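Below is one structure; the comments refer to it alone.
The values are calculated or read from the model by the stated rules, or taken from the named source; none is laboratory data. Remember, predicted model here, so these are calculated numbers, not experimental data. As a convention, Cβ positions derive from the backbone with ideal geometry for all residues, glycine included, and neighbour counts pool all protein chains shown. In case anyone asks, the SASA skips ligands and DNA or RNA and just uses the protein heavy atoms, side chains included. Shrake-Rupley method; radii C 1.70, N 1.55, O 1.52, S 1.80 Å.
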Amino acid sequence: DQFVRTGAISETGEAILKNVDTSYRLGIEIDLTAQASENVQIKTQLALSENKMREFANSELKKISYSPEMVFGAQFVYFTSVDGRLEFKHKFVSEQFLELKNDANKMLESYFFNDLSYFHQFEFDRYDATLGAQINNLFDQKFESNGNYSTKYGTFFFPQAGRHFMLNLAVSFK
């Protein structure tokens with residue numbers, strides 16, 4: 001017994017939820033970190049899940065909307081010095097339906113992307129600072145990570161940004 005997103009939106013743009021009597025979410029999550037060498041660290045995350053619901057007593061089990069069966073992430077960290085690190089990240093998300101009927105025309109395709117970052121930490125008497133530079137979606141993948149549908153407007157998806165850059169500065173006072 002749970003509320004699930006139907007994928008539809010109301011006239012005011014709010015997600016419409018539905019209570020389903022029979023449902024289950026079954027899965028496993030694994031996080032691993034390995035220190036491959038003094039300067040190299042490898043991190044992985046894997047989530048495998050089966051998310052099903054039965055809309056009516058005698059109906060077949062359907063996949064719950066917005067519930068990918070697999071999410072995988074990997075991060076490779078190279079410590080360039082005591083104060084610097086270079087990170088390469090990979091993320092994969094499997095396909096997911098936008099609605100409860102499991103219509104292939106109302107589905108987010110699986111997607112993946114990679115990010116590259118460099119961070120350098122500086123220590124001063126009264127504060128510490130970390131300067132970072134990031135290239136997100138390094139290989140300029142084209143993908144949608146969200147979507148909806150309405151009877152009035154049809155199915156629509158939200159494309160994600162292509163390759164983009166970010167600089168950041170974090171300061172912590174002692």
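Summary table
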read-out: Filter result (assigned to a strand (DSSP E or B) and open to solvent by less than 100 Å² (accessible area, probe 1.4 Å)) within the stretch 1-16; value: Gln2, Val4, Arg5, Thr6, Gly7, Ala8, Ile9, Ala15, Ile16
read-out: Residue that is nearest to Leu32 (Cα to Cα), among those in the stretch 49-63 that are within 18 Å of the chain's Cα centre (by Cα) and open to solvent by less than 70 Å² (accessible area, probe 1.4 Å); value: Ser49
read-out: Residue pairs meeting the criteria (Cβ under 6 Å; at least 6 apart or on separate chains; first without any contact (Cβ under 8 Å) to a residue 60 or more places away in the chain and loosely packed, with under 12 Cβ neighbours inside 10 Å, in the stretch 21-46; second among the small types (Gly, Ala, Ser) and part of a strand (DSSP E or B)); value: Glu29/Ala47
read-out: Selection from the stretch 64-85 of residues that are open to solvent by 70 Å² or more (accessible area, probe 1.4 Å), modelled with pLDDT of 95 or more and more than 30 Å from Val20 (Cβ to Cβ); value: Phe76, Tyr78, Arg85
read-out: Any strands (runs of 3 or more DSSP E) falling wholly within the stretch 88-174 and containing at least 1 residues that are touching a residue at least 24 places away in the same chain (Cβ under 8 Å), open to solvent by 70 Å² or more (accessible area, probe 1.4 Å) and of a type in the set (A, V, I, L, M); value: 127-136, 164-173
